[in-house]
Amino acid sequence: SAREVQVQTGARLHFGLLAHGQPEARAFGGLGVMLEHPGFQLAVARADRDCLDCGVWASRVQGLLGRLRAVTPVGPLNVRIKASPPAHAGYGSGTQLGMALALALARIAGEPALEAEELARRSGRGLRSALGLHGFLQGGLLVEAGHYRPGEISPLVAQLEFPAAWRFLLIRPRNSPGVSGAVEVAGFARLPPMPVATTERMCRLILMEILPAVVEGNCSAAGRAIGEYGRLAGEYFAPLQGGVLADPQMRRLETELRARGIEAYGQSSWGPTVFVLCADEAMARSLQQELSACHAAADCEFLIAAPLNRGARCLESPPAGA
């Protein structure tokens with residue numbers, strides 16, 4: 001068992017769900033990619049009494065510890081979050097935090113390596129989207145197939161290394177959290193079934209356009225197809241989120257993107273974060289400079305992120321005297 005465990009996670013972009021509401025068919029599923037930033041850096045150590053230095057995540061961490069200790073009995077802990085993504089921004093932060101804590105407690109208890117599904121069950125994640133939990137252990141571009149019954153974890157059916165030079169320009173309106181929790185569940189209940197034709201078109205985009213473009217390193221082809229995929233997903237969710245993009249400011253920014261002939265953009269999950277796929281760092285920087293001068297991007301946070309083609313990092317300090 002370890003005395004202290006440090007975990008560094010990536011962030012997950014979700015390009016959109018594949019299916020919802022069709023009887024006798026798989027539900028949810030989808031396509032996404034892991035990014036180097038903005039992730040969690042956390043340290044968990046044995047202590048004399050529980051001490052949580054977790055900022056805005058403290059109550060979430062407390063709830064997770066209660067749940068995890070039911071499976072992994074460990075004594076008092078010092079949990080410190082040194083860096084974290086914004087919550088409810090489309091980065092899958094809840095899943096990354098849950099998986100990181102489940103992994104840290106298992107290592108402190110001296111358990112053998114665990115599968116993604118087991119870490120997810122322990123932390124109560126992956127009931128709708130499983131991209132973040134598979135991405136936590138593997139990184140890369142990920143396709144999940146969805147599940148037949150609620151409570152199942154959707155299987156990962158494809159994982160590819162994402163071209164290392166490509167970048168995502170991430171744009172987030174500072175004062176606009178995305179949809180989550182009970183609101184998200186209620187929203188799904190109100191939506192009519194996703195048309196089979198939409199699911200079929202999205203599946204074709206993944207298999208015939210996005211995956212081969214990534215394998216061949218063709219950024220413009222990948223970007224065009226990811227953009228179309230996101231618009232199809234967004235059109236289905238438009239009645240819930242007010243448009244193809246959830247945030248009114250991001251909808252204004254979309255006009256600026258279209259005016260520049262940019263198609264390689266989309267919203268991650270419920271937003272409000274919008275991403276633009278760029279062929280390299282220089283392209284991402286010049287686009288950031290251009291867009292940040294636009295009125296539509298006033299008070300937006302910009303971040304350039306590289307793809308993450310490996311799982312979360314985990315460092316262990318041995319017990320004292322070992």
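Of the residues Pro86, Pro73, Pro112, Pro163, the single one that is modelled with pLDDT of 95 or more and either among the charged types (D, E, K, R) or assigned to a loop (DSSP other than H, G, I, E, B) (or both) is Pro163. Contact annotation: residue pairs with Cβ atoms under 6 Å, 6 or more positions apart or on different chains, pairing a residue in region 73-99 that is under 15 Å from Trp270 (Cα atoms) with a partner that is of a type in the set (Ser, Thr, Tyr) and open to solvent by 20 Å² or more (accessible area, probe 1.4 Å), are His88/Ser180; Gly90/Ser269.
Which of the following residues is open to solvent by 70 Å² or more (accessible area, probe 1.4 Å), under 22 Å from Ala19 (Cα atoms) and of a type in the set (Lys, Arg): Arg121, Arg149?
Selected residue: Arg149, the only one of Arg121, Arg149 that is open to solvent by 70 Å² or more (accessible area, probe 1.4 Å), under 22 Å from Ala19 (Cα atoms) and of a type in the set (Lys, Arg).
In the set (1) under 22 Å from the mean Cα position of the chain (by Cα); (2) without any contact (Cβ under 8 Å) to a residue 60 or more places away in the chain, the condition left unmet by Ile206 is number (2).
Selection within region 49-59: residues that are among the charged types (D, E, K, R) and open to solvent by 80 Å² or more (accessible area, probe 1.4 Å). The member of this set that is nearest to Gly110 (Cα to Cα) is Arg49. Within region 7-48, if we keep just the residues that are open to solvent by 20 Å² or more (accessible area, probe 1.4 Å) and of a type in the set (S, T, N, Q), the residue that is modelled with the lowest pLDDT turns out to be Gln22. Only one of the numbered conditions (1) surrounded by fewer than 18 Cβ atoms within 10 Å (Cβ to Cβ); (2) closer than 15 Å to Gly311 by Cα; (3) of a type outside the set (A, V, I, L, M, F, W, C) is violated by Pro76, and that is (2).
If you go through region 235-243 one residue at a time, do you hit one that is within 21 Å of the chain's Cα centre (by Cα), modelled with pLDDT of 95 or more, open to solvent by less than 60 Å² (accessible area, probe 1.4 Å) and hydroxyl-bearing (Ser, Thr, Tyr)? No, region 235-243 contains no residue that is within 21 Å of the chain's Cα centre (by Cα), modelled with pLDDT of 95 or more, open to solvent by less than 60 Å² (accessible area, probe 1.4 Å) and hydroxyl-bearing (Ser, Thr, Tyr). For region 210-229, the criterion of being surrounded by 13 or more Cβ atoms within 10 Å (Cβ to Cβ), modelled with pLDDT of 95 or more, farther than 29 Å from Glu115 by Cα and among the aromatic types (Phe, Trp, Tyr) is met by at least one residue.
For residues that are of a type in the set (A, V, I, L, M) and outside any loop (DSSP other than H, G, I, E, B), scanning just region 89-104, find the one that is surrounded by the most Cβ atoms within 10 Å (Cβ to Cβ).
As a first pass, look at region 89-104 and keep what is of a type in the set (A, V, I, L, M): 89, 97, 99-104.
Applying the additional criterion that residues be outside any loop (DSSP other than H, G, I, E, B) yields 97, 99-104.
Values: Leu97: 26, Met99: 29, Ala100: 27, Leu101: 27, Ala102: 27, Leu103: 25, Ala104: 26.
For region 89-104, the residue satisfying everything is Met99.
Considering (1) modelled with pLDDT under 95; (2) closer than 30 Å to Leu133 by Cβ; (3) not β-branched (Val, Ile, Thr), the lone condition that Ala322 does not fulfil carries the number (2). Only a single criterion out of (1) under 27 Å from Gly63 (Cβ atoms); (2) of a type in the set (D, E, K, R); (3) modelled with pLDDT of 90 or more is not satisfied by Glu152, namely (3). When residues in region 134-177 are screened for being out of contact with any strand residue (DSSP E or B) (no Cβ under 9 Å at 6 or more places or on another chain) and within 18 Å of Thr9 (Cβ to Cβ), 1 of them pass. Region 249-314 holds strands (runs of 3 or more DSSP E) entirely within its bounds, and those carrying 2 or more residues that are of a type in the set (A, V, I, L, M) and open to solvent by less than 20 Å² (accessible area, probe 1.4 Å) map to 274-278.
The values are calculated or read from the model by the stated rules, or taken from the named source; none is laboratory data. Quantities reported herein were computed from a predicted structural model and do not represent experimental measurements. For neighbour counting, all protein chains shown are included, and Cβ atoms are generated from backbone atoms with ideal geometry for every residue, glycine included. The protein model used for the area step is the full one, side chains on, heavy atoms only, and it has no ligands, DNA or RNA in it. Shrake-Rupley method; radii C 1.70, N 1.55, O 1.52, S 1.80 Å.
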